[in-house]
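Asker: There's a structure below that I have some questions on.
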Amino acid sequence: MKALKDLVRPSIWNLKPYSSARDEFHGHASVFLDANENPYNAPYNRYPDPLQWQLKKRLGELKGVDPQSMFLGNGSDEAIDLVIRAFGEPGIDNILSIDPSYGMYEVCANVNNVPFRKVKLNKYFDLEAEVLLKETNEQTKIIFLCSPNNPSGNNLNRNEIYKILDQFTGIVVIDEAYIDFSSTPSFTSDLQKYPRLIILQTLSKAWGAAGVRLGMAFASPEIINILNKIKYPYNINQLTQEYVLKMLEDTHPMHKQLNRILSERNTLESTLHRVPCVIDIYPSDANFLLIKVKDANATYEHLVKEGIIVRNRTNVTLCNDCLRLTIGTPKENNKLLDALNRMPV
Ligand SMILES: *Cc1c(COP(=O)(O)O)cnc(C)c1O
């Protein structure tokens, strides 16, 4: 393991962060004349809590993570970008990821001009640590993993992930956007043991709150401090903080929806086996199924004509003739099945 100072970009390590009015005064007062806010239109006239402590406390209870080990972002996408900006020196350091996986790692690396390399998964869309580690070099600062993986839907082999955590000296990001759907536990319980591990989760999938934009990064407090230092001061707006706190008061609706989605995934999977144009259905621990069909482009167009939009993944590594189907309501899934059954083969 490397010292954090040797992983963080020197300019970021030495950065003196912006200090807002809300940062500079802590405590109780009755008159706030320090932030040039309009005194009317409460409560939205006030800047929100820059570190979202109330929300982190509640999320901490749910996730079993200390609020000091938590970063909240405008979706996980903000965390992905900040991790790359914190650790990847443009044109010098490099980032490694698995292929296929979520497209934002590469886009963010490119935006930041940090060289990005992908290592192909095996034919089961699974990770082989040795193959990945062989591609690392002295300038590899970050490895991005995603489990359950998008677009394949499977969990990556846990032992192989541990091999990477044990052997790689830089930052390992595990994107757990789909963890709520998974039968395997989160890696959050390994945060203490692996101080260079960053786990990403989101409210965009199982929680049904993609429009609210709230992503979480869990890591050692020293990594969280670095991310806090470079984020926009008020990156989570007051409306989002309030909405999410309210939503988290009662977790029953989410669990009910989650169980419904999982049972629909099973139904859809077994029914798809009898659809003529379907060749293969890949195992999924997420809220979508990757399927191989006879002709993905033709099937995609056929579905569009029927008013159904799925994700055509045929040009993605290992995904030739594959479509990614999000699990919808029973009615939506039946429409999809009917339309697929009408696909001429
Ligand atoms: C959907 C998804 C996300 C979610 O991103 P948000 O910015 O939180 O909406 C993150 N990672 C993966 C792999 C995803 O598929």
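Asker: Out of curiosity, is A35 among the hydrophobic types (A, V, I, L, M, F, W, C), assigned to a loop (DSSP other than H, G, I, E, B) and open to solvent by less than 40 Å² (accessible area, probe 1.4 Å)?
Answerer: For A35, the condition - among the hydrophobic types (A, V, I, L, M, F, W, C), assigned to a loop (DSSP other than H, G, I, E, B) and open to solvent by less than 40 Å² (accessible area, probe 1.4 Å) - is met.
Asker: If a residue must be more than 13 Å from the ligand (Cβ to nearest atom) and touching a Lys or Arg at 6+ places or on another chain (Cβ under 6 Å), how many such residues does the stretch 144-171 contain?
Answerer: Counting residues in the stretch 144-171 that are more than 13 Å from the ligand (Cβ to nearest atom) and touching a Lys or Arg at 6+ places or on another chain (Cβ under 6 Å) gives 3.
Asker: Take the residues in the stretch 235-246 that are assigned to a loop (DSSP other than H, G, I, E, B) and open to solvent by less than 60 Å² (accessible area, probe 1.4 Å), then tell me which one is farthest from K57 (Cα to Cα).
Answerer: Per the stated criteria, the residue is N235.
Asker: Does D180 satisfy the condition of being in a helix (DSSP H, G or I), open to solvent by less than 40 Å² (accessible area, probe 1.4 Å), closer than 25 Å to T326 by Cβ and within 11 Å of the ligand (Cβ to nearest atom)?
Answerer: Judged against the criteria, D180 is not a match.
Asker: Okay, next question. If I ask for residues that are closer than 20 Å to N149 by Cα, part of a helix (DSSP H, G or I) and more than 13 Å from the ligand (Cβ to nearest atom), which ones from the stretch 184-221 would you list?
Answerer: F187, T188, S189, D190
Asker: Of everything in the stretch 1-30 that's charged (D, E, K, R) and within 30 Å of Q167 (Cβ to Cβ), which residue is most open to solvent (accessible area, probe 1.4 Å)?
Answerer: Looking at residues that are charged (D, E, K, R) and within 30 Å of Q167 (Cβ to Cβ), I get K5.
Asker: Additional query: Please work out if N225 is surrounded by fewer than 18 Cβ atoms within 10 Å (Cβ to Cβ), free of Cβ contacts under 8 Å to residues at least 24 places away in the same chain, closer than 30 Å to P283 by Cβ and more than 14 Å from the ligand (Cβ to nearest atom).
Answerer: No: the conditions fail for N225.
Asker: Out of the helices (runs of 4 or more DSSP H) lying entirely within the stretch 44-117, which hold 1 or more residues that are at positive phi, within 16 Å of the ligand (Cβ to nearest atom) and open to solvent by less than 60 Å² (accessible area, probe 1.4 Å)?
Answerer: No helices (runs of 4 or more DSSP H) qualify here.
Asker: Can you pull out the residues in the stretch 1-23 that are modelled with pLDDT under 95 and assigned to a helix (DSSP H, G or I)?
Answerer: Matches in the stretch 1-23: A21, R22, D23.
The values are calculated or read from the model by the stated rules, or taken from the named source; none is laboratory data. From a predicted model like this one, the values you see are computed outputs, not experimental measurements. Every residue, glycine among them, receives a Cβ derived from its backbone with ideal geometry; neighbour counts consider all protein chains shown. Each accessible area value is taken on the protein alone, full model and side chains, heavy atoms only, with ligands, DNA and RNA left out. Shrake-Rupley method; radii C 1.70, N 1.55, O 1.52, S 1.80 Å.
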